[in-house]
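Take a look at the structure below.
The values are calculated or read from the model by the stated rules, or taken from the named source; none is laboratory data. Fair warning: this is a prediction, and the values are worked out from it, not measured in the lab. Neighbour counts are summed over all protein chains in view; Cβ atoms, including those assigned to glycine, are modelled from backbone coordinates with ideal geometry. SASA here: full protein model, heavy atoms, side chains in, ligands and nucleic acids out. Shrake-Rupley method; radii C 1.70, N 1.55, O 1.52, S 1.80 Å.
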Amino acid sequence: MNSVSMLNDVAGAGVAVESIRKSYGTVVTAVDDVSLKVKPGEFVSILGPSGSGKTTLLMMIAGFERPTSGRLIIGDQDMTYTRPEKRGLGMVFQRYALFPHMSVADNIAYPLKRRGVSRAEIRQRVEAALKLISLDGLGTRMPTALSGGQQQRVAVARALVSQPPVMLMDEPLSALDKKLRDQMQLEIMRLHRTVGVTIIYVTHDQEEALSLSDRIVVMNRGRIEQVGTPDELYDEPASAFVADFIGRTSFLAATCLAVEGSNARMRVNDATEVIVPVSRCRDIVVGARVRIAVRPEALKLAVVGSAQLSGTLEGSRFVGSSELAFVRIANGELLQVQTEPGVSRKLQAGSPVGIMFDASRVSVFREGA
Ligand SMILES: Nc1ncnc2c1ncn2[C@@H]1O[C@H](COP(=O)(O)OP(=O)(O)OP(=O)(O)O)[C@@H](O)[C@H]1O
Ligand SMILES: [Mg+2]
């Protein structure tokens, strides 16, 4: 067996969270009746704004917080009240928390020593782990002599070295700058592919969640808003919260005038009428006030007279391969419209512009839902 393959054959375990709740006192319910099934070997991100309960949920899976009610199954065992060290999970936290007085190799070896693994095997596994995180040869360095990204890689290796069936990561990259973060994301994806471990990954960074995960759990105020693949969340958000939280979204206030077969007729902006497929609408009844969520790429600039909506260009911004035009329409709403590079920036701020939109790509929600 070569040294790297020693870390290759971890069998990822499934995790089932069943109606878990965590209250602090009588006022705060940090996690409110959350159920979730993570498949063996899956990469699931928990995404949500600050205070939405992400860390609390992860700490209950890890065993550092005791659920107020509900059950937790890891593999095929009920571990709701199992002590953290008996769960055999790997953990990586936001701050790298390496032992500063120990070398890189000793840091990685620590969990193995505690378990009484033989010295020869420890040496082999540490070497394999260093290779896996592309830090071979740096075992004798002290943590302070490493960059932030390298330290975080060591923390990941330390969590992986015991070959845990599940790795829990709580904002492991948030202390790193953008470039290092991108690099580490690739590294984590590669590790996940190579090792086969199940990963539950907490982040408040939607781009990170979209690029890393098989599925994303969107949390809001202690509850799950939606669980889905990155594509599902982007194309078919289940709520206005998810539409707003994932990707760029503009909202148009409208009223549902009529439902005609598979189409709904909406009055936008108190004047224009648009037809939206009913399949893109949630809980719509005739007469209801609604919010139409629309991505920049489902809008385009057009000649004023012939367009569905008209407004005033407030400015535009280069965003890499395209541009975003910011257009204020008559009722005061600001829409973000994607254009080809060079198109919207040629127009003067204050110019009147028209907007066309692709109704098959919007999502419509009841006002207040
Ligand atoms: N020990 C505690 N006692 C009382 N309230 C707590 C405790 N720990 C967390 N909370 C509350 O529970 C809620 C969820 O907190 P949690 O740390 O899980 O959020 P989070 O989603 O991880 O946020 P962040 O993105 O800021 O890390 C918050 O309102 C928080 O104030
Ligand atoms: Mg947190």
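With a cut-off of at least 1 residues that are open to solvent by 60 Å² or more (accessible area, probe 1.4 Å), name the strands (runs of 3 or more DSSP E) lying wholly within region 35-120.
Details: elements: 43-47, 69-74, 90-92.
Once the strands (runs of 3 or more DSSP E) in region 35-120 are filtered for at least 1 residues that are open to solvent by 60 Å² or more (accessible area, probe 1.4 Å), what remains is 69-74.
From the list L347, L309, L313, pick out the single residue that is buried (at least 18 other Cβ atoms within 10 Å of the Cβ) and more than 16 Å from N269 (Cα to Cα). If you could, list the steps in order and put the result at the bottom.
On the way: L347 fails: buried (at least 18 other Cβ atoms within 10 Å of the Cβ); L309 fails: more than 16 Å from N269 (Cα to Cα).
Just one listed residue meets the conditions, L313.
Check whether at least one residue in region 64-75 is in contact with a Lys or Arg (Cβ under 7 Å, 6 or more places away or on another chain), in the same structural domain as I216 (by the TED database) and within 16 Å of ligand 2 (Cβ to nearest atom), and report yes or no. Working first, answer last.
Within region 64-75, the first condition is being in contact with a Lys or Arg (Cβ under 7 Å, 6 or more places away or on another chain), and the residues that meet it are 65, 67-70, 74.
Okay, now just the ones that are also in the same structural domain as I216 (by the TED database), so 65, 67-70, 74.
Narrowing further to those that are within 16 Å of ligand 2 (Cβ to nearest atom): 65.
Yes, region 64-75 contains at least one residue that is in contact with a Lys or Arg (Cβ under 7 Å, 6 or more places away or on another chain), in the same structural domain as I216 (by the TED database) and within 16 Å of ligand 2 (Cβ to nearest atom).
Of everything in region 165-185 that's in a loop (DSSP other than H, G, I, E, B) and at pLDDT 90 or above, which residue is farthest from P49 (Cα to Cα)?
Here the residue is P165.
Starting from residues that are open to solvent by 60 Å² or more (accessible area, probe 1.4 Å) and assigned to a loop (DSSP other than H, G, I, E, B), keep the ones in region 201-245 and report whichever is farthest from ligand 2 (Cβ to nearest atom).
That would be E236.
Please go through region 128-154 and give me each residue that is surrounded by fewer than 19 Cβ atoms within 10 Å (Cβ to Cβ), in contact (Cβ under 8 Å) with a residue 40 or more places away in the chain and assigned to a helix (DSSP H, G or I), ordered by number.
K131, T144, G148 - these are the residues of region 128-154 that are surrounded by fewer than 19 Cβ atoms within 10 Å (Cβ to Cβ), in contact (Cβ under 8 Å) with a residue 40 or more places away in the chain and assigned to a helix (DSSP H, G or I).
May I ask you to verify whether G311 is more than 30 Å from E340 (Cβ to Cβ) and in the same structural domain as S360 (by the TED database)? Steps first, please.
Details: more than 30 Å from E340 (Cβ to Cβ): no; in the same structural domain as S360 (by the TED database): yes.
It is false that G311 is more than 30 Å from E340 (Cβ to Cβ) and in the same structural domain as S360 (by the TED database).
Just for region 155-164: of the residues that are open to solvent by less than 10 Å² (accessible area, probe 1.4 Å) and not in a helix (DSSP H, G or I), which one is modelled with the lowest pLDDT?
V161
Which residue is nearest to the chain's Cα centre (by Cα), if the candidates are limited to region 208-245 and must be acidic (D, E) and under 21 Å from L57 (Cα atoms)? Before you say what the answer is, go through the steps one by one.
Taking region 208-245 as the starting set, the residues that turn out to be acidic (D, E) are 208, 214, 225, 231-232, 235-236, 244.
Then keep just the ones that are under 21 Å from L57 (Cα atoms); that gives 208, 214, 225.
Numbers: E208: 6, D214: 10, E225: 13 Å.
Looking at residues that are acidic (D, E) and under 21 Å from L57 (Cα atoms), I get E208.
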